[in-house]
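The values are calculated or read from the model by the stated rules, or taken from the named source; none is laboratory data. All of these numbers come straight from a predicted model, not from anything done at the bench. Glycine gets a Cβ as well: all are built from the backbone with ideal geometry, and neighbour counts include every protein chain shown.
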Amino acid sequence: MASIGAVVAKPLRAAKHGDRTFTSIAFLSMLWLALAFAILCLGVLLVDSFLDGRTRLDSNLLTRYTSRVLPDRAGARAAILGSAWVIATTAVLAIPLGIAAGVYLEEFADPRRWYNKVIEVNLSNLAAVPAIVYGMLTAGFALAIGMERRIVLAGGIALALLVLPVIIISTREAVRSVPQEIRHGSLALGATPLQTIWRQTLPAAIPGIATGAILALSRAFGEAAPLLLLGGLVFVTYDPTGLNSGFTTLPIQIFNWASQPQLAFQQVASAAIILMLVMLLLMNAIAIFIRNRYQNKW
């Protein structure tokens with residue numbers, strides 16, 4: 001009877017990932033240096049803005065209107081309220097349409113259809129289009145229908161076009177992350193596909209959708225180029241009262257103050273930059289809280 005030799009298993013070892021050649025290490029070092037340089041420049045700009053504008057971080061900045069002759073008493077009240085009106089209009093226009101488009105493309109669209117392929121390609125391209133292009137598109141649309149360009153509604157349309165691809169993409173990712181078992185279980189119990197989407201998939205995807213929508217609105221909040229192209233006002237001494245009201249926003253107001261030669265205007269511009277940064281950080285913090293608090297772990 002032939003003897004059977006014992007097979008000794010080799011100890012498991014962790015595989016080495018990544019190329020450790022001199023070229024790869026040098027390239028990785030250059031990437032880290034570029035990132036560190038960008039963070040350093042950002043930090044210097046933030047510190048410089050804080051040092052210049054700290055004396056103007058007072059109640060006048062929030063409650064007073066801008067001024068051409070008294071920069072020490074100039075405020076950003078009209079810009080803050082104008083930003084609120086424009087961002088609220090953007091949210092009303094972009095979020096429902098973006099969610100509906102994202103759900104359709106992810107759940108109902110046939111990827112083999114040529115028009116759905118065209119939508120997919122254009123959606124990816126639109127997410128990288130410069131913001132000023134959306135301002136040009138909105139200006140042309142307003143001219144075609146005879147709508148005034150310097151109103152809240154026009155600004156909301158421009159920014160809604162800007163953030164719509166981001167909301168669609170984030171909605172698709174959130175819906176895609178919902179396990180198929182939830183859909184199958186709902187359909188097996190007799191629910192229609194539309195009822196499954198409305199009562200099961202969308203509620204489970206709300207944290208991801210809300211996070212993407214808030215981050216998209218944060219981007220819109222800091223945009224000035226499309227609004228300037230629409231003729232956004234730089235000197236407003238009244239509160240916006242509706243969609244047909246003239247407006248200014250914080251980025252436009254900061255641009256106006258920063259272009260003035262007086263040192264006092266530079267200081268109030270720095271203070272407004274700090275204020276806008278705090279508002280942006282607050283919006284991003286809300287998005288992170290929603291994601292961490294309500295995100296499901298499947």
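Mind checking whether some residue in the range 176-194 is under 27 Å from ILE252 (Cβ atoms) and either touching a helix residue (DSSP H, G or I) at 6+ places or on another chain (Cβ under 9 Å) or not assigned by TED's automatic domain parsing to the domain that holds VAL92 (or both)? Spell out the reasoning first.
From the range 176-194, those under 27 Å from ILE252 (Cβ atoms) are none; that's our starting set.
Within the range 176-194 (the criterion being under 27 Å from ILE252 (Cβ atoms) and either touching a helix residue (DSSP H, G or I) at 6+ places or on another chain (Cβ under 9 Å) or not assigned by TED's automatic domain parsing to the domain that holds VAL92 (or both)), the answer is no, since none of the residues qualifies.
Of all residues in the range 89-101, which are surrounded by fewer than 16 Cβ atoms within 10 Å (Cβ to Cβ) and either β-branched (Val, Ile, Thr) or outside any helix (DSSP H, G or I) (or both)? So that I can check it myself, show each step before the final result.
So the first thing to find is which residues in the range 89-101 are surrounded by fewer than 16 Cβ atoms within 10 Å (Cβ to Cβ), and the list is 92, 96-97, 100.
Selection gives VAL92 alone.
Could you tell me whether SER245 is at pLDDT 85 or above and either within 21 Å of MET147 (Cα to Cα) or outside any helix (DSSP H, G or I) (or both)? Don't jump to the end; show me each part of the working.
On the way: at pLDDT 85 or above: yes; either within 21 Å of MET147 (Cα to Cα) or outside any helix (DSSP H, G or I) (or both): yes.
Answer is yes for this residue.
Just checking, does the range 102-114 include any residue being surrounded by 14 or more Cβ atoms within 10 Å (Cβ to Cβ), in contact with a Pro (Cβ under 7 Å, 6 or more places away or on another chain) and among the aromatic types (Phe, Trp, Tyr)? Even if it seems obvious, please write down each step before you answer.
Within the range 102-114, the subset surrounded by 14 or more Cβ atoms within 10 Å (Cβ to Cβ) is 102-107, 109.
When the remaining residues are screened for being in contact with a Pro (Cβ under 7 Å, 6 or more places away or on another chain), the result is none.
No, every residue in the range 102-114 fails to be surrounded by 14 or more Cβ atoms within 10 Å (Cβ to Cβ), in contact with a Pro (Cβ under 7 Å, 6 or more places away or on another chain) and among the aromatic types (Phe, Trp, Tyr).
Looking at the structure I just gave you, is TYR104 under 23 Å from GLY156 (Cα atoms), assigned to a helix (DSSP H, G or I) and of a type in the set (Ser, Thr, Tyr)? Walk me through how you get there before you give the answer.
Details: under 23 Å from GLY156 (Cα atoms): no; assigned to a helix (DSSP H, G or I): yes; of a type in the set (Ser, Thr, Tyr): yes.
When the stated conditions are applied, TYR104 does not pass them.
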ILE80 fails exactly one of the following numbered conditions: (1) in a loop (DSSP other than H, G, I, E, B); (2) within 18 Å of GLN267 (Cα to Cα). What is the number of that condition?
-> (1)
